[in-house]
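Student: Handing you this structure, nothing more for now.
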Amino acid sequence: MEKRPEIRTEGVGDAKTPTSIVEEVPSRDNPYLAEDVRTHGYSVRELAGRVTFTDLLFLTLRGDLPTRAEVRLFDAVLVALSPLGPRHPAVRAAMYASVSKTVHPNLLPVGLSVLAGAHLGSEECYKAMKFLRRSLALDPAAAADASALDADGKAAPGFGTRFNGRDPLPAHFLSRIARRKSAGAHLRWADRFSRRLAKKGAGALATGLAAAAFLDLGFSEAQGCGVFQLAAAPQIIALSSEIGTKGLGAMPFLPDSRYEIVKEEG
Amino acid sequence: MDDTRIWDAVRGFIRSTKGGFIMGQDAVSHGHSMLRDFFGKKSWFEVMLLHALGRMPSRELSQWLESVYVGLSYPDPRIWCNAAGSYAGTLRTPTIAAVCAGALVSDSLMYGSASVIDSILPDFERLFAAAQAGRPIDEVLSEYLDAKRRAGKKPAVPGFSRPLVNGDERIEPARALAKALGFIPGPYETFAYALDDACRRANGEQMNYGAYHQAFLRDQGFTREEMMRTGSLMTSAGVIACYVEAYDNPPEAFLPLRCDDIRYEGRPARPAPRKR
């Protein structure tokens, strides 16, 4: 007789979902509605109007409201990461969708989905955080000298070239932010690594800047992925909604004269 | 206290009419054993339609609809949903995220499922009702186009114009396949052809595939929701092709732009305020 597979039952059933982040206080009239929501103990009724969104984001991720130095570092990094620009492929995908009248609620998810990858995306941010965490004990200059640029121009996740050149803005912000008193070991290491990579025409990418800052702010790799995408959201929203008002002609279909179908041999 | 009995009844409990997983043994779908009745006997597409519709369509209808998906799978990254796949590939985004991005883009009021449901269907049904009531189609159409002109809108019937090229090369193969499979045009499809002729006379426009598609499916008894649900994945194959090609090329090599390829029309450079 065929042996039936063993069915594991631990972990299933009526277990309550655990969280130490959010506590919902049920309404007296309806247990499915919350009359208050506490984030790490703070009531939203008290927080709203007293703290900024950046404060709340930090609180939600780290468990305490940020110090003044922490919020200034966090804001500086978010502002530095935010301007992807209308040429960035993730923004472009959302813009092109918008002129083709993709329904509005889908535009931000389109951009963020495209931004999930291993080049300039949240996957690269995740890997860069892991790289920095395990590289901290190494000498950054020696690590840069020992690195080789791969086929995609990467010396390491978060560090390399774009269009065969050193991306000026992330390298600039990394140096500037790494000089702050509030900068930690990861930012300083990443900055030295990036500066040394200049010899190879490479340096920090936006993902490397984000990774170093997020680690010094105490975020996990999983949190860093999401915050990286959050930082990109304003320009995805703004640029896609702007171009959508201009019609199809604003991003015209490439004509056949500029499209070649390569004939496969055999 | 509010009456929460609907939610109380399913709190911590799932009651499914679709089926489910019998752990370690099988899965049930709409009363069938998936492993005994479907595995190797039904196509994935047929099972997808069953799950979307709640009923197994005829083999002919399934075959027709799956073939239609072929016509919606052009591997051209200029098509907007496919471009999302290409942009994802050029950033080394995982395949599933790329396919999801393409599917999200395809929900378009201009050419996708949303266009059929929100743009084509309402006006098509109004015109259909007027024609069914006995009014000459040219008269009904003329009134409709005049009203659009007065409202400052493009004088065309949604579904009877196309953004890039007049006419739609996919209609004839779809019609020929429907005929070969034994389908006979019903009242909606018949009206769509009559409206197509009327549009050609009135403004030179022609029916696009979306108008034909919804008319055919209406004659098969599909509701609006069912059209949307069965069409959710229809552009995926084209998205994947474009994603793969961009992924296999250098990063950011899909339609790269220089800074001066953007025409900036905003405020001139100005200094930022001191720390706030």
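The values are calculated or read from the model by the stated rules, or taken from the named source; none is laboratory data. No experiment lies behind these values; they were computed from the predicted model shown. Note that each Cβ is placed from the backbone with ideal geometry, even for glycine, and that neighbours are counted across all protein chains shown.
Student: Just one of B:A237, B:A272, B:A241 is within 13 Å of another protein chain (Cβ to nearest Cβ), over 19 Å from B:G159 (Cα atoms) and out of contact with any Asp or Glu (no Cβ under 9 Å at 6 or more places or on another chain); which is it?
Tutor: The match here is B:A272.
Student: Just to be sure I understand, how many residues within segment A:137-159 are within 12 Å of chain B (Cβ to nearest Cβ), of a type in the set (G, A, S) and touching a residue at least 12 places away in the same chain (Cβ under 8 Å)?
Tutor: Of the residues in segment A:137-159, 1 are within 12 Å of chain B (Cβ to nearest Cβ), of a type in the set (G, A, S) and touching a residue at least 12 places away in the same chain (Cβ under 8 Å).
Student: Still on this structure: Condition (residue is in contact with a His (Cβ under 8 Å, 6 or more places away or on another chain), of a type in the set (D, E, K, R) and either facing chain A (nearest Cβ under 8 Å) or under 13 Å from A:L115 (Cα atoms) (or both)) applied to segment B:94-116: is it met by at least one residue? Reasoning before the result, please.
Tutor: Taking segment B:94-116 as the starting set, the residues that turn out to be in contact with a His (Cβ under 8 Å, 6 or more places away or on another chain) are B:116.
This time we only want the ones that are of a type in the set (D, E, K, R), so: none.
No, segment B:94-116 has no match at all.
Student: Under the condition of being in a helix (DSSP H, G or I) and aromatic (F, W, Y), which residue from segment B:70-118 is surrounded by the most Cβ atoms within 10 Å (Cβ to Cβ)?
Tutor: The extreme case among them is B:Y87.
Student: What residue, of A:G203, A:G208, is surrounded by 20 or more Cβ atoms within 10 Å (Cβ to Cβ), touching a residue at least 60 places away in the same chain (Cβ under 8 Å), more than 22 Å from A:L107 (Cα to Cα) and in contact with a strand residue (DSSP E or B) (Cβ under 8 Å, 6 or more places away or on another chain)?
Tutor: From the options A:G203, A:G208, the qualifying one is A:G208.
Rundown of residues vs (1) touching a residue at least 60 places away in the same chain (Cβ under 8 Å); (2) among the aliphatic types (A, V, I, L, M), yes/no style:
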position	(1), (2)
A:S175	no, no
A:A185	no, yes
A:A198	no, yes
A:L217	yes, yes
A:Q235	yes, no
A:G244	yes, no
A:A250	yes, yes
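Student: If you scan segment A:162-200, which residues turn out to be under 20 Å from A:G117 (Cα atoms) and surrounded by fewer than 16 Cβ atoms within 10 Å (Cβ to Cβ)?
Tutor: Across segment A:162-200, the qualifying residues are A:F163, A:N164.
Student: In addition: Within the set of pairs 6+ apart or on separate chains, which have a first residue in segment B:1-23 that is more than 11 Å from every other protein chain (Cβ to nearest Cβ), a second that is hydroxyl-bearing (S, T, Y), and C-beta atoms under 6 Å apart?
Tutor: Listed by first residue and then by second, the contacts come to B:G19/B:S29.
Student: Being buried (at least 20 other Cβ atoms within 10 Å of the Cβ), at negative phi and in a strand (DSSP E or B) narrows it down to one of A:A144, A:A155, so name that one.
Tutor: Of A:A144, A:A155, the one residue that is buried (at least 20 other Cβ atoms within 10 Å of the Cβ), at negative phi and in a strand (DSSP E or B) is A:A155.
Student: Restricting attention to segment A:113-136, and to residues there that are of a type in the set (A, V, I, L, M, F, W, C) and more than 9 Å from chain B (Cβ to nearest Cβ), which single residue is farthest from B:A103 (Cα to Cα)?
Tutor: A:L136
Student: Here's a follow-up. Among the residues of segment B:187-203, is there at least one that is free of Cβ contacts under 8 Å to residues at least 24 places away in the same chain, part of a helix (DSSP H, G or I), among the hydroxyl-bearing types (S, T, Y) and surrounded by fewer than 22 Cβ atoms within 10 Å (Cβ to Cβ)?
Tutor: Yes, there is a match, as at least one residue in segment B:187-203 is free of Cβ contacts under 8 Å to residues at least 24 places away in the same chain, part of a helix (DSSP H, G or I), among the hydroxyl-bearing types (S, T, Y) and surrounded by fewer than 22 Cβ atoms within 10 Å (Cβ to Cβ).
Here is a yes/no grid of residues against (1) under 20 Å from A:L84 (Cβ atoms); (2) among the aliphatic types (A, V, I, L, M); (3) within 10 Å of the chain's Cα centre (by Cα):
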site	(1), (2), (3)
A:L209	yes, yes, no
A:Q229	yes, no, yes
A:A238	yes, yes, no
A:G247	no, no, no
A:R258	no, no, no
A:E264	no, no, no
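Student: Collect the residues in segment B:244-268 that are free of Cβ contacts under 8 Å to residues at least 24 places away in the same chain, out of contact with any Lys or Arg (no Cβ under 6 Å at 6 or more places or on another chain) and within 11 Å of chain A (Cβ to nearest Cβ), keeping them in residue-number order.
Tutor: Listed by number, the residues that qualify are B:P250, B:P256, B:R258, B:C259, B:D260, B:D261, B:I262, B:R263, B:Y264, B:E265, B:G266.
Student: Can you spot a residue in segment A:41-63 that is touching a residue at least 40 places away in the same chain (Cβ under 8 Å), polar (S, T, N, Q) and more than 10 Å from chain B (Cβ to nearest Cβ)?
Tutor: no
Student: Residues to consider are B:G159, B:G182, B:G167, B:G152; find the one that is modelled with pLDDT of 95 or more, on the phi > 0 side of the Ramachandran plot and either of a type outside the set (F, W, Y) or touching a strand residue (DSSP E or B) at 6+ places or on another chain (Cβ under 8 Å) (or both).
Tutor: Going through B:G159, B:G182, B:G167, B:G152 in turn, the sole match is B:G182.
Student: Follow-up question, since we're still on this one. (1) hydrophobic (A, V, I, L, M, F, W, C); (2) under 20 Å from B:I171 (Cβ atoms); (3) surrounded by fewer than 13 Cβ atoms within 10 Å (Cβ to Cβ): which one isn't true of B:F21, the others all being true?
Tutor: With respect to (1) hydrophobic (A, V, I, L, M, F, W, C); (2) under 20 Å from B:I171 (Cβ atoms); (3) surrounded by fewer than 13 Cβ atoms within 10 Å (Cβ to Cβ), B:F21 is out only on (2).
Student: Also: Out of the residues in segment A:18-40 that are farther than 18 Å from B:W7 by Cα and part of a loop (DSSP other than H, G, I, E, B), which is nearest to the other protein chains (Cβ to nearest Cβ)?
Tutor: A:P18
Student: I would also like to ask the following. Restricting to segment A:64-99, what's the tally of residues that are away from chain B (no Cβ under 13 Å) and of a type in the set (S, T, Y)?
Tutor: Total satisfying the criteria: 2.
Student: Condition first: in contact with a Ser or Thr (Cβ under 7 Å, 6 or more places away or on another chain), surrounded by 13 or more Cβ atoms within 10 Å (Cβ to Cβ), at negative phi and assigned to a loop (DSSP other than H, G, I, E, B). Can you find one or more residues in segment B:119-142 that meet it?
Tutor: Taking every residue of segment B:119-142 in turn, none turns out to be in contact with a Ser or Thr (Cβ under 7 Å, 6 or more places away or on another chain), surrounded by 13 or more Cβ atoms within 10 Å (Cβ to Cβ), at negative phi and assigned to a loop (DSSP other than H, G, I, E, B).
Student: Residues in segment A:160-169: is at least one under 28 Å from A:A69 (Cβ atoms), touching a residue at least 60 places away in the same chain (Cβ under 8 Å) and not small (G, A, S)?
Tutor: yes
Residue-by-condition table, conditions (1) over 16 Å from B:L49 (Cβ atoms); (2) in contact with a helix residue (DSSP H, G or I) (Cβ under 8 Å, 6 or more places away or on another chain); (3) of a type in the set (F, W, Y); (4) assigned to a loop (DSSP other than H, G, I, E, B):
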residue: B:L217; (1), (2), (3), (4): no, yes, no, no
residue: B:E225; (1), (2), (3), (4): no, no, no, no
residue: B:A237; (1), (2), (3), (4): yes, yes, no, no
residue: B:E245; (1), (2), (3), (4): yes, yes, no, no
residue: B:P250; (1), (2), (3), (4): yes, no, no, yes
residue: B:P256; (1), (2), (3), (4): yes, no, no, yes
residue: B:D260; (1), (2), (3), (4): yes, no, no, no
residue: B:R270; (1), (2), (3), (4): yes, no, no, yes
